[in-house]
Amino acid sequence: MIILAVDTTTFAGSVALLEKTKLLAEVNIDSSSTYSERLLPAVDFILQTNGMNIKEVDGFALAAGPGSFTGIRVGLSTVKSFAFASEKQVAAVSTLKALAWKLRHPQNHLICPLLDAKKGEIYAALFESRGGKLKEIVSQGAYSPDRFFSLLPSNRIIFFTGNGIVAYKDKIFQYFKDKARFSHRSPFIAFEIGLLGYELLRKKKGVSAQELKPIYFRKSQAEEKD
């Protein structure tokens, strides 16, 4: 199964091509302001360098959110058009789960993906990694930092990842002190989106282009004005 995975939810966007769980190629797009201009050329490049065209893709994996509303819309509309034209299924994957998946480990530990949602909020969740699998401990959502951090255990080591640790590093130290660990892994997650997407597609849990929806945990500014 050939999977095309797309992530445009943060500044660290990327596109990946997988054959089941094997990474064939990945292209990083480090600029959310130009996704509308750079996403399609990145897709064309990754397919052409592997001697493929879009018709040979068996399914799509999309980082459906949370994240930048503009970035989510660009990725969603692009993948939706591919899926509609090809009548192929799409796996909608959470950005937070993909960030946590990057840090999964056979040993038992806690992972906290954290995205800066602006307006004094964060998109966040807490996962426990067990045997290379993830269990959601604190639900994914939009939180005030203090509300979210108060839900986490302060007596266990937690691995924090995502762009939210830049804005809230001091507050994380305030709550968790020497129990806080910060990931230095690459922020690009199209490969992880593809891995999680493959599992969904393999289990027949993909959706059609018409059924594909973003993962929002709050309304956009445009929706709030309506």
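The values are calculated or read from the model by the stated rules, or taken from the named source; none is laboratory data. Fair warning: this is a prediction, and the values are worked out from it, not measured in the lab. So basically every Cβ, Gly included, is an ideal-geometry build from the backbone, and we count neighbours across all protein chains shown.
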Checklist entry - Applying the selection to the stretch 56-72, what residues are part of a helix (DSSP H, G or I) and modelled with pLDDT of 95 or more? => result 56, 72
Checklist entry - Within the bounds of the stretch 115-137, is there any residue that is modelled with pLDDT of 95 or more, in contact with a His (Cβ under 9 Å, 6 or more places away or on another chain), β-branched (Val, Ile, Thr) and farther than 20 Å from residue 213 by Cα? => result no
Item to check | Per-region count, the stretch 119-159, residues closer than 22 Å to residue 67 by Cα, among the polar types (S, T, N, Q) and in a loop (DSSP other than H, G, I, E, B) | outcome: 1
Item to check | Checklist (1) under 17 Å from the mean Cα position of the chain (by Cα); (2) surrounded by 19 or more Cβ atoms within 10 Å (Cβ to Cβ); (3) of a type outside the set (Gly, Ala, Ser); (4) farther than 21 Å from residue 184 by Cβ applied to residue 133, failing item | outcome: (2)
Next on the checklist: Being surrounded by fewer than 19 Cβ atoms within 10 Å (Cβ to Cβ), out of contact with any helix residue (DSSP H, G or I) (no Cβ under 7 Å at 6 or more places or on another chain) and modelled with pLDDT of 95 or more: is that true of residue 33 here?
Outcome noted: no
Checklist entry - Does any residue in the stretch 82-98 that is under 18 Å from residue 7 (Cβ atoms) come within less than 7 Å, Cβ to Cβ, of a residue that is of a type in the set (Ser, Thr, Tyr) and buried (at least 20 other Cβ atoms within 10 Å of the Cβ) six or more places away or on a different chain, and which pairs are these? => result 95/9; 96/123
Item to check | the stretch 104-116 - residue that is more than 14 Å from the chain's Cα centre (by Cα) and hydrophobic (A, V, I, L, M, F, W, C) and, of those, farthest from residue 11 (Cα to Cα) | outcome: 110
Next on the checklist: Please verify whether residue 46 is under 21 Å from residue 200 (Cα atoms) and either in contact (Cβ under 8 Å) with a residue 60 or more places away in the chain or of a type outside the set (Asp, Glu) (or both), treating the condition exactly as stated.
Outcome noted: no
Checklist entry - Going by the structure shown, is residue 88 under 18 Å from residue 193 (Cβ atoms) and part of a loop (DSSP other than H, G, I, E, B)? => result yes
Next on the checklist: Quick check on the stretch 144-154. Is at least one of its residues at positive phi and either surrounded by fewer than 21 Cβ atoms within 10 Å (Cβ to Cβ) or within 20 Å of the chain's Cα centre (by Cα) (or both)?
Outcome noted: no
